[in-house]
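Read the structure below first, then the notes.
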Amino acid sequence: MSALITSIRQRLFWIWIAFLLIPIGIGLYAGILVLTQGLAVTNLSDLAPWGLWIVVDLSCIALSAGAFTLSALAHLLGRETFRPIARIAVFIGFLGYSGALMCLFLDIGRWDRFWHGWVFWQPHSMLWEVTMCITLYITILLLEVFPLAAELPIFRRFPRVRAFAHRVHNNTYLLAGLGMGLSLLHQSSLGGTYGVVAGRAFLYRATMPLLFIASAIAAGLAFTVQMTLLVQWLRKRILVPRQTLFQVGQISGVVLLIYLYMRFWDTTAGSYGYVPGRTESDMLLMTGTFGISFWGWEIILGGIVAAILLIWAARRKSIGMLLMGSGLTMAGVIANRWNTTMLAFAHPLATAADPQLTVPASVQYFPSAVEWATAIGIVAGLTLVFSLGMHYFPAYQGITSPVPATKPSDPKPQNTNTPTGEVSHAI
């Protein structure tokens, strides 16, 4: 009977992989259109120069923040119980940053000049700092993922590769420290990129870096928990102990409350007086066309409700609350990135000749079919690689497989021996 169930799961897995190839193929075709015909095939314009791709880019980076957070907890603070989930977070982080780079490659318009940021340095530019930090950080993520991939049976024929992977594994704490520094820099600089734009009154504020860091940490932890729960449910394997998932969920909920506190004062501070452009933008955010997204998804469901569910899930030992809370947190941060990106262009640009901004009108932008196709294709591609990684990487085969029905007081002994030349799972 168990062999039949395993066979059915294998078939369903490959059906899922085949299904993902459909949006990937459509996305590749749409991406070729963008690369050959330029941004003319999109609905981007001078009024809305940033759109769906930037939202996906910022969301991917925010949802990948669990990598540096959990790596720091596991390897720098010595929280050994977080190591299993840190392995998953690192893989998610690598895929998330890869997706962000693909979105940027399409969004820059002149894709043939993607290398200019590495050659022609602009040290006074926030975007240049983000470019360099992301480049270095994705290299660190690649090094952290490499020992996981080196455990695959195909690398048994390459002992030198496995030996190098083992040396990388022994220095994981160094990678975790460097990754935390670089990630904090570019997460804050992404907010700073918005915050230094004096011509956009809604963006021009000193709190943007702090808001971006706090929201990214909360969302990154929640997304890692969400994906771990999903994989464990589908594969019927324990990848991370339940208590560890509850602890990570609680941390995410507390950070989310801190973010909501900062977000409340940042949004309401402008109500004490009239600031040209800022006041109109805040009113448009809270009572205009962005009101449902702001109050419904970002503040209430994706903020207050999500934080309560994440914190109380551990007290009630409820996986359902943890699953719902992490999902709402992800939705809230994505809504925040959409509101921040699109509301910035909802009013005229301030100029020296006309410093008084007029009452903003809602920007007329909706992503074109090409933009949707490429964005969905990128997400489908990341999902495919994640599915294959969870299926084949030995480190993700679970603590026990299948889930045993043993008493907690009578745990089964685990074999901690590692074959010669192989990399330990305790990364």
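Read-outs throughout are calculated quantities, based only on the coordinates presented, and are distinct from any laboratory measurement. Treat the numbers as computed from the prediction; the structure is a model and nothing was measured. We place every Cβ from the backbone using ideal geometry, glycine too, and count neighbours over all the protein chains shown.
In whole Å, what are the extents of region 1-81 along the principal axes defined by its C-alpha atoms, from largest to smallest?
57, 43, 17
So if I place +1 on the C-beta of Lys and Arg and -1 on the C-beta of Asp and Glu, and nothing else carries charge, what would the dipole magnitude of the chain be about its Cα centre? I want it in debye, nearest 20. Present the calculation step by step, with values, prior to reporting the outcome.
Numbers: 26 positive and 16 negative charges, 364 e Å.
I would put it at about 1740 debye.
Hydropathy first: keep DSSP H helices in the chain averaging at least -1.0 on Kyte-Doolittle, then drop any whose Cα extent along the axis falls short of 27 Å, and list what survives. Please list the in-between numbers first.
On the way: long enough: 2-37 (53 Å, 1.47); 83-107 (36 Å, 1.35); 126-149 (33 Å, 1.78); 172-195 (33 Å, 0.62); 208-235 (40 Å, 1.50); 242-268 (39 Å, 0.52); 319-343 (35 Å, 0.91); 369-392 (34 Å, 1.36).
Span-like helices, by this rule, are 2-37, 83-107, 126-149, 172-195, 208-235, 242-268, 319-343, 369-392.
Take every Cα-Cα distance within the chain, group them into 10 Å bins from 0 onward, and report for each bin the whole-number percent of pairs it holds.
Reading the bins upward from 0: 4, 20, 30, 26, 13, 5, 1, 0.
What ³J(HN,Hα) values, in whole Hz, does the Karplus curve 6.51 cos²θ - 1.76 cosθ + 1.60 give for region 70-80 when θ = phi - 60°, with x put for Gly and Pro?
My calculation for region 70-80 gives 6, 5, 5, 5, 6, 9, 9, 9, x, 7, 4 Hz in order.
Which of 53, 128 has the fewest other C-beta atoms within 10 Å, and how do the rest follow up to the most? Mind showing how you got there, number by number?
Working: 53 25, 128 17.
Ranked by crowding around the Cβ, least crowded first: 128, 53.
What's log10 of I(q)/I(0) for region 174-326 at q = 0.14, 0.20, 0.21 Å⁻¹, Debye sum over Cα points only, no solvent?
After summing over all Cα pairs, the log10 values are -0.79, -1.22, -1.28.
Based on DSSP H runs of at least 4 residues, each adding -39500 (n - 2.57), what is the mean residue ellipticity at 222 nm of the chain after dividing by all its residues, to the nearest 500 deg cm²/dmol? List each step's numbers first, then the result.
Values: 14 runs with 268 residues, N = 427.
Result for the chain, helices only: -21500 deg cm²/dmol.
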